[in-house]
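One structure below.
The values are calculated or read from the model by the stated rules, or taken from the named source; none is laboratory data. This one's a predicted model, so the numbers in the text were calculated from it and none came from an experiment. With ideal geometry, Cβ positions are generated from the backbone for all residues, glycine too; neighbour counts draw on all protein chains shown. Note: areas computed on protein heavy atoms with side chains; ligands, DNA, RNA excluded. Shrake-Rupley method; radii C 1.70, N 1.55, O 1.52, S 1.80 Å.
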Amino acid sequence: MASLNFDGHELNHSSIFNNNPLDPEEFRRQGHMMIDFLADYFLNVEKYPVQSQVAPGYLRQRLPESTPYNPEPIETILQDVQEHIIPGLTHWQSPNFFAYFQCTSSTAGFLGEMLSAGFNVVGFNWIASPAATELETIVVDWLGEMLMLPKSFLFSGNGGGVLQGTTCEAILCTLAAARDQMLSKIGTDNMKKLVVYGSDQTHSALQKAAKIAGIHPKNFRAVKTTKSTSFALSPDSLQSQIRKDIEAGLVPLFLCATVGTTSTSAVDPLGSLCQVAKDYGMWVHVDAAYAGSACICPEFRHFMDGVEGANSFSLNAHKWFLTTLDCCCLWVKDPSALIKSLSTNPEFLRNKATESRQVVDYKDWQITLSRRFRALKLWFVLRSYGVANLRSFMRSHVEMAKLFEGLVAMDKRFEIVVPRNFAMVCFRVSPKAMGMRKSNQSHQNGNSDNGHKVVEEEEEGSSNEVNQKLLESINMSGRAYMTHGMVGKVYAIRFAIGATLVEERHVIMAWKLVQEHATAILSTN
């Protein structure tokens, strides 16, 4: 007969007293079920609406109000995943996902992640799990060599690499190192004088890092870019801003240059920017979160030219390198700068290996103390696919982007907003397609430059509204998912190709979808 606990609930003795949370045979049984579940998901993922169609708060209406008192079987839980969780997912692994920058998956990346989760070691220092640290130092050198990074960034030189979670963490760590280096020279009382630089296309992670690192909000510079430089940061504009800041008694500290910006995949000219920064003793970090992976291909490596002048470099292997989230690879020329800013040495972590100074303690290279064994999944990816297949994977996406670019060019209603560099195409319905610019007489008296400017601004505003409607209409269909960027005052639709499962047929289908929705919107505009 079942007994009752003090709340009057019936106790399930068998589940409480005989259930081992890590029973090997039960783990094996449920693990097989999970692999089958995910294999079926990948097999059917393109059948789901790409962008979730649920309304805010949907899940609370579907799930119980409190935790179940007794255990529930994995079969029931997975059934609820299928019925309640999957409808609330935006399917990043769908071959019809063309938004943001993709977060690629692979069998090797998944299995490496699974092995890491299974070992569940906390590799904050060498002695906590020597293999976790030493494998990481090896794989970051392997990848650095694939990218032809200068030896000064590698452990085989005097530098080194670390696997962070995201670019946000990489920028914050390097900014903290730069800050402390500079303050040791000019005094901590001058903290409010430090200035951080990027362009108006630099990822918002830079501004967030500056805020966390204590940079005065008024000393954050987003230098304006223009169409004439394809929205890359101009060295002359940077230098002009730096000179103004120096005249105002401020101290240039940190520059974040980008290889593959979020809005347009623009590439900043690293060599000339590093030279400007060097003249003022600034730290240069190169953010290649998206496009850095492609630079393992010889034909794209030139986008990294000039990186030898930088202090640090990072890319996200979880974006385009088949390594599941999260895995940001950060290389620095001077690891001691990171260590001085980020290290703590509590008594409970003291050990002979650390004191010998013959090992790397990665706790001193990052924000947190604890860290995951990320090196396993990157090692699995590098070994399972090799350089040749990884290059082929990225090249196939670039070829599909060229295909899409050609389809856009053939339809006179559309225009390419910025030149394509990698596997993302920025396009829009052009103002001409809306019957604009036929006559300016109804808008102005005479042909003054100011009159032309007013008309152009009105046209751009109307064009932006139409393109916003077009994007919303496409995404609401559930058949594809894209996002947008603002470049200058132009609203551009970003078509990013990078999903692991994407094929040419998905690209062609997406373009037909764009045309269908554009036709409907233009006919009623």
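Okay, here's what the table says:
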quantity: Inter-centroid distance (Cα atoms) of the stretch 319-342 relative to the stretch 365-410, Å; calculated: 16
quantity: By average C-beta atoms within 10 angstrom, highest first, the peptides 165-176, 128-139; calculated: 165-176, 128-139
quantity: Cα centroid separation - the stretch 170-244 against the stretch 15-75, whole Å; calculated: 44
quantity: Where labels lie 7 Å past Cα in the beta-carbon direction, separation of Ser129 and Asn70 in nm; calculated: 3.7
quantity: The chain: calculated mean residue ellipticity at 222 nm from DSSP helix runs of at least 4, using -39500 (n - 2.57); calculated: -13500 deg cm²/dmol
quantity: Highest to lowest packing among 333-342, 288-297, 386-395, 30-39, scored as the average C-beta count within 10 Å; calculated: 288-297, 333-342, 386-395, 30-39
quantity: Entries in Lys319/Lys469; Lys185/Lys333; Lys47/Lys402; Lys193/Lys227; Lys192/Lys319 that, when Cα-Cα distance is taken, lie over 24 Å; calculated: Lys319/Lys469; Lys47/Lys402; Lys193/Lys227; Lys192/Lys319
quantity: Per residue, in Å², the accessible surface of the stretch 19-104 once ligands and nucleic acids are set aside, probe 1.4 Å; calculated: 67
quantity: The stretch 122-372, accessible area per residue, ligands and nucleic acids excluded (1.4 Å, Å²); calculated: 40
quantity: Extension gain, Ile35 back to Ile508 (0.36 nm per residue minus Cα-Cα distance, nm); calculated: 167.2 nm
quantity: Backbone HN-Hα couplings from phi across the stretch 60-68 [Karplus 6.51/-1.76/1.60, Hz, Gly and Pro as x]; calculated: 4, 6, 9, 9, x, 6, 9, 5, x
quantity: Relative frequency of Cα-Cα separations exceeding 13 Å in the stretch 335-394, percent; calculated: 72
quantity: Surface share of carbon and sulfur [accessible, 1.4 angstrom probe, percent] for the chain; calculated: 54
quantity: All aspartates and glutamates inside 18 Å of Lys352 as judged from Cα atoms, apart from same-chain residues fewer than 8 positions distant; calculated: Glu134, Asp361, Asp364
quantity: Mean Cβ count within 10 Å, highest first, over the residues of peptides 510-518, 402-410; calculated: 510-518, 402-410
quantity: Cα gyration tensor shape of the stretch 361-430, rounded if a/c is under 1.5, else prolate or oblate by comparing a/b with b/c; calculated: oblate
quantity: Distant alpha-carbon pairs in the chain (separation over 35 angstrom), percent; calculated: 46
